[in-house]
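J.: Pasting a structure below so you can have a look.
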Amino acid sequence: MNIIINKTHLFFFSTILLILAFAFYKPKGTFDVNIGDTYYIIQNSHLGILLSLIYFILGIIYFFLHKRGIQLSSWIVYMHSIISIGGLILVWFLLKKISYSPQTFEEIIKSIKVNMYLSYTCFGAIMSMILIQIIFMVNVVFKILKN
């Protein structure tokens, strides 16, 4: 478990490779988000580049902290790593499970209920990922100012 604490930046850098591999596997594919009456359509390659940039920044922060010898709380490092990387995998998996083409009326009703629960779970995962980023950044700022 010390490798997670001491080499956390390597986990984030390896996640970048996975994100880019999935993003450029089908670069012309799209990711659509429906918010109210507005659809936002994003190409997979653009989303992959954006997520890679975010994870690169997180990896650089961990690398900087490691080189400066600044120790973060171990539970924050564990939670940040698990929620950031695991949450991304969970959101990707949930978005793949949401179906859009049922055949019969009963399947439509069942699909609506299942998709609603999957959407709420996906929303909760995204919100927890955003919250853990805020907690992480506050902890980093306090540790840097303290040293």
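The values are calculated or read from the model by the stated rules, or taken from the named source; none is laboratory data. Computed from a predicted model, the values in this text were never measured in an experiment. Reconstructed Cβ throughout: ideal geometry from the backbone, glycine too, with neighbour counts over all protein chains shown. With ligands, DNA and RNA removed, areas are computed over all heavy atoms of the protein, side chains included. Shrake-Rupley method; radii C 1.70, N 1.55, O 1.52, S 1.80 Å.
J.: Per residue, how much accessible area does the stretch 11-141 have with a 1.4 Å probe, in Å²? Write out the running numbers ahead of the final one.
T.: Working: 8910 Å² over 131 residues.
Accessible area per residue, the stretch 11-141: 68 Å².
J.: Which percent of the accessible heavy-atom area of the stretch 34-101 goes to carbon and sulfur, probe 1.4 angstrom?
T.: 69 percent
J.: Exposed loop sites here are trypsin sites (Lys or Arg not before Pro) in DSSP loop states with at most 14 other C-beta atoms within 10 Å. What is the longest stretch of the chain lacking them?
T.: The longest such stretch corresponds to 29-147.
J.: Round to the nearest 10 and give me the degree value, 0 to 90, for the angle of helix 44-68's Cα axis relative to the longest principal axis of the chain.
T.: That works out to roughly 20 degrees.
J.: Cα-based count: Lys pairs in the chain below 28 Å, eight or more positions apart or different chains?
T.: Count of close lysine pairs: 13.
J.: Above 28 Å lies some portion of the pair distances; for the chain, what is it as a whole percent of all C-alpha pairs?
T.: Everything past 28 Å amounts to 31 percent.
J.: Now for a different question. Work out, step by step, the length gained on full extension between V141 and F24: first 0.36 nm times the residue separation, then minus their alpha carbon distance; give nm to one decimal.
T.: Additional length available on full extension: 38.7 nm.
J.: Moving on. How tilted is helix 87-97 with respect to the longest principal axis of the chain? Cα atoms for both, answer in degrees (0 to 90, nearest 10).
T.: Approximately 10 degrees, to the nearest ten.
J.: Calculate for the chain the 222 nm mean residue ellipticity that helices alone would give, adding -39,500 (n - 2.57) per DSSP H run of length 4 or more and normalising by residue count, nearest 500 deg cm²/dmol.
T.: Calculated at 222 nm, the ellipticity per residue is -25000 deg cm²/dmol.
J.: What FRET efficiency do you get for S45 and S14 if R0 is 25 Å and r is their Cβ-Cβ distance, rounded to the nearest 0.05?
T.: 0.80
J.: Just by accessible area at a 1.4 angstrom probe, what is the order of L90, L53 from largest to smallest?
T.: L53, L90
J.: If you average the sequence gap of Cα pairs under 8 Å that are 6 or more apart and divide by the length of the chain, what percent do you get for the contact order?
T.: Numbers: 122 pairs, mean separation 35.3, N = 147.
Taking the mean separation of contacting Cα pairs over the length of the chain, I get 24 percent.
J.: Can you tell me the convex hull volume per residue for the stretch 43-118, based on C-alpha atoms, in Å³ to the nearest whole number? Walk me through the numbers on the way to the answer.
T.: Numbers: hull volume 6.7 nm³, N = 76.
About 88 Å³ per residue, rounded to a whole number.
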